[in-house]
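The numbers here are math on the coordinates, done by the rules we state, and not lab data. Note that the structure is a prediction, hence the values are computed from the model and not measured. Note that each Cβ is placed from the backbone with ideal geometry, even for glycine, and that neighbours are counted across all protein chains shown.
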Amino acid sequence: MLLSYLILRYFSEPTWWSELIVYNSVLIAAIIGILFTPLPDDDLGQKVFALALLAWGIGSITSSIDSFFNTELSIISEIAYSLFYPLAIFGAIRSLRNQAKSRRLELIDTLVIALSGTTLLSTFFLKPASSEISGSQYEVFLTIIYPVGDLVLLLTVIGIVLLQRLSLRSLLFLLGVTIFTASDFYYLWLSQNDLYIFGSLSDAGWLLGFIFIAHSYWFPSDEEEHPRTFNPTIVTLALVLSSVILAISVLRPDYFPRFVLIPAFATIALAFLRMAVAMADARKMSEEQILARTDELTGLANRRRFIAEFEVFQKSPGSLLILDLDGFKPVNDQLGHDVGDQLLAQVARRLERVMPKGALLARLGGDEFGALIPGHEGMEIAVALRATMEFPFSVAGHEIKLGVSIGEAFGENESDSENLLRRADEAMYRAKRERVGVVRAG
């Protein structure tokens, strides 16, 4: 399709149908090529980059309509072309890094670095460039923002390619972005020297870059999963630069045009949003870690945490207690699991009240509990735990009487660790058989 367009343009002058239909048909074909690749891949990365090409295509179509039909659609073109960059950068990151999940921080970081970073760079170059480029400050701003966006996109892709194993996909993707960037810079040079003619053959450079990018999606990406390593320092730097722009605008109101304050405020807002999301994610992760080590029913430590704590506990003198409830199974069978669950929760509360500071009580599963008691008061605690069962429990209108059998094993040092759990377990079964409540392992 691109070759047909080049032949058509070589032998004839640009017409509305060659530039509006044939030219943009190549772009549509590239979008289809990305969306319908047969390879299993990151679906989000494909869709976002295809959306980026669609945004660029809208800019191209409106520009063609403006050129041939004298309409006023330039604002749509500028917005569409601007949207291309954050979408393309996010899609490139997803497509090349082969990440399994999209995280909120990844999206916010991409927006801050790509959209705000590009605008901030353009803002700092605005003042010196305004003396070299003709036009209003707004026109100068738009002239600068596109090549800066190209550089951010190109450097992002180069960084990703260098940080992972080379693959045909990454090389083709990099080649496509490089051709696109070179075409944009060539277009800028022609425009500033009043040499650009709409519909010239140089416009095909953008399409050629998109074709290489679309073709890259038909080759497998790096199969190795790479962890996300965005440095929050970059976001902090963007926040500082935005603050500097606002400070300069306050001290020297005429230095920057007013419209550049919008991306500065947007960057600060995104930075604070990132902080809030990071704190929420950290809180969620902390809660998930707690849940992973906590028994959901009783709120006590679960078996996983008990085993982890046991590895440290056995290095010092202390007692290991194994507790098994007496009479729980008949209650659970006759009154139902809901009553049984409520009963276990009440048992846990009573047992917890007896535990000394520094000790650990855990539900090991079913109606079995374990306790780690540092020091030499293990037997005293075991007797106190058994005493908590002297009074009946009141659950769902039922008065329920339970007992507990406890085995206690004392360990002096780490050399006793292999036998400590076995000894406590055997002592518990002896206590249950002989109905004596508490037995200390010999």
Would you calculate the separation in nanometres between label points at MET275 and ARG353, each defined as 7 Å from the Cα along the Cα-to-beta-carbon direction?
-> 4.5 nm
Could you give the spread of the C-alpha atoms of the stretch 335-442 along their three principal axes, from largest to smallest, in whole angstroms?
-> 49, 31, 22
Dividing the mean separation of Cα pairs under 8 Å (6+ apart) by the residue count of the stretch 345-398 yields a relative contact order in percent of 31 percent
Point-to-point label distance, VAL383-ILE21, nm (Cα→Cβ direction, 7 Å offset) | 10.0 nm
Grab the Cα-Cα distance for ILE28 and ASN193, subtract it from 0.36 nm times how many residues apart they are, and report the gain in nm with one decimal.
-> 56.3 nm
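Tell me, what is the percent relative contact order of the stretch 381-442, built from C-alpha pairs under 8 Å that lie six or more residues apart?
Values: 90 pairs, mean separation 20.9, N = 62.
Answer for the stretch 381-442 is 34 percent.
If R₀ is 45 angstrom, what is the calculated FRET efficiency for the pair LEU39 and GLU390, using the beta carbon separation as r and rounding to 0.05?
Working: r = 68 Å, r/R0 = 1.51.
Between LEU39 and GLU390 the formula returns 0.10.
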Report the label-to-label distance for LEU8 and TYR186 in nanometres (one decimal), using points 7 Å from each Cα along the Cα→Cβ vector.
-> 2.0 nm
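What number, in percent, do you get for the relative contact order of the stretch 303-440 if the mean sequence gap of Cα pairs under 8 Å and at least 6 apart is divided by its residue count? Each step should come with its number before you reach the end.
Working: 239 pairs, mean separation 46.3, N = 138.
Result for the stretch 303-440 is 34 percent.
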Give the calculated FRET efficiency between SER316 and VAL240 to the nearest 0.05, with a Förster radius of 56 Å applied to their Cβ-Cβ distance.
-> 0.70
State the answer as a single residue: which of SER316, HIS398, PHE369 lies farthest towards the positive end of the charge dipole of the stretch 303-440, with beta carbon charges of +1 for Lys and Arg and -1 for Asp and Glu, about the Cα centre.
-> HIS398
Length gain on complete extension for the stretch THR71 to GLN334, per 0.36 nm per residue less the alpha carbon to alpha carbon distance?
-> 86.5 nm
Here, trypsin sites (Lys or Arg not before Pro) of the stretch 322-388 satisfying both criteria (DSSP loop; at most 10 other Cβ within 10 Å) are LYS357
Give me the percent of DSSP beta bridges within the stretch 303-440 that run antiparallel, rounded to the nearest 5.
-> 90 percent
